[in-house]
Structures are given as C-alpha cells and as structure tokens.
Amino acid sequence: MTEKILILDFGSQYTQLIARAVREANIYCEIIPYHKPFEIDKTLKGIILSGSPFSVNDEKAPEVPVLEYINQLPVLGICYGAQMTAKLLGGRVDKSNKREYGRATMEIKQDDILFNQVSAKSQVWMILSLHYLQAFLF
C-alpha cells in the first residue's frame with residue numbers, strides 16, 4: 001500500500017500548487033473536496049487543509065472535525081486551514097486593518113519529525129487580510 005498525504009480542498013486557487021510541492025518531494029498525495037468523506041487508515045500519513053475564498057468568520061464558513069484529525073495524524077493548515085484550526089481549537093481570528101502581500105520568512109521554532117527535511121528558515125509568500133487575536137495551545 002502506498003503511503004499518502006491527503007489535501008482537503010476548501011476552494012483555494014493554490015491547492016494544485018500545494019499538491020505539486022508535495023509530489024516534488026516524492027510524496028504521493030490526493031486532493032479531495034473538504035466535504036467528501038474519507039477513511040483514516042494506515043496509508044494516510046498526514047492531512048493538509050488548504051486555503052479558501054471564505055473567511056473563518058463567515059456565517060457559512062466550511063469546517064471539518066480538525067480535532068479528530070489532529071488526534072490521529074499530523075495536520076498542516078495553510079491560510080484558511082490554519083485559521084479554521086485556530087478558531088476550532090479556541091483561538092480568535094479577525095480582520096486586519098490592512099491587507100499584506102509579499103515575501104516573508106517562516107521560521108520553525110520547534111524540532112519535530114514532521115520538519116526533518118525542512119530548512120529552519122524558509123522564504124514563503126503571504127497574502128493576509130486576517131490576523132490571530134488569540135493563540136491556542138493543546
């Protein structure tokens with residue numbers, strides 16, 4: 001059986017780019033709509049939650065049972081996926097006074113097997129109009 005990463009697509013225009021990056025790392029991945037049921041089995045090694053045109057604060061913002069996933073697998077939330085995770089775990093996300101675009105430096109602050117092949121500092125692209133008001137811990 002092939003090990004895989006599952007990307008839950010919330011409608012991001014970058015989901016295919018995320019999948020491409022995963023595949024370029026020689027990791028098999030599948031993209032499915034966020035609302036499609038899937039089985040967590042021993043081939044599934046992690047889940048990526050994509051971005052979305054929604055805001056986590058929209059009345060009908062899509063959600064998935066993040067805590068259920070986190071208790072079983074590594075989960076990476078990107079943009080909307082990270083904001084939804086923060087909100088569902090008790091954090092707060094709100095509109096920023098300004099939109100920000102451009103390069104940013106991502107720094108990994110904690111050793112984890114998940115980041116073994118990732119540089120401690122990486123250049124990333126950001127498009128932000130929301131910010132975290134309250135962090136979460138678990």
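Only the coordinates and a few stated rules stand behind these numbers; no lab work does. Worth saying up front: this structure is predicted, and the values here are computed from it rather than measured. Here the Cβ positions follow ideal geometry from the backbone for every residue, glycine too, while neighbour counts run over all protein chains shown.
Computed from the Cβ-Cβ distance with R0 of 35 Å, the FRET efficiency linking residue 95 to residue 42 stands at 0.25. Once backbone amide H atoms are built at 1.01 Å from N, residue 31 has 7 as its partners under 5 Å, excluding neighbours fewer than 5 places away on the same chain. Sparsely packed loop sites in segment 1-89 (the trypsin sites (Lys or Arg not before Pro) outside DSSP H, G, I, E and B with at most 14 other Cβ atoms within 10 Å) comprise 42, 60. Shown is the FRET efficiency for residue 103 and residue 61, computed with R0 = 35 Å from the Cβ-Cβ distance and rounded to the nearest 0.05: 0.80.
Restricting segment 32-119 to GluC sites (Glu not before Pro) that sit in a DSSP loop and have at most 11 other Cβ atoms within 10 Å of their own Cβ leaves 39, 59. Convex hull volume per residue, computed on the Cα atoms of segment 4-134, equals 124 Å³. Under the simplified labelling scheme, the residue 54-residue 14 pair shows an inter-label distance of 1.9 nm, with each label point 7 Å from Cα along Cα→Cβ. Residues in segment 66-74 carry Karplus couplings, in order, of 4, 4, 4, 5, 4, 6, 10, 8, x Hz; the curve used is 6.51 cos²θ - 1.76 cosθ + 1.60 with θ = phi - 60°, and Gly or Pro positions show x. For the chain, averaging the sequence separation of C-alpha pairs within contact (under 8 Å, six or more residues apart) and dividing by the residue count gives a relative contact order of 21 percent.
Counting lysine pairs in the chain whose alpha carbons fall under 14 angstrom apart, excluding pairs fewer than 8 residues apart on the same chain, gives 4.
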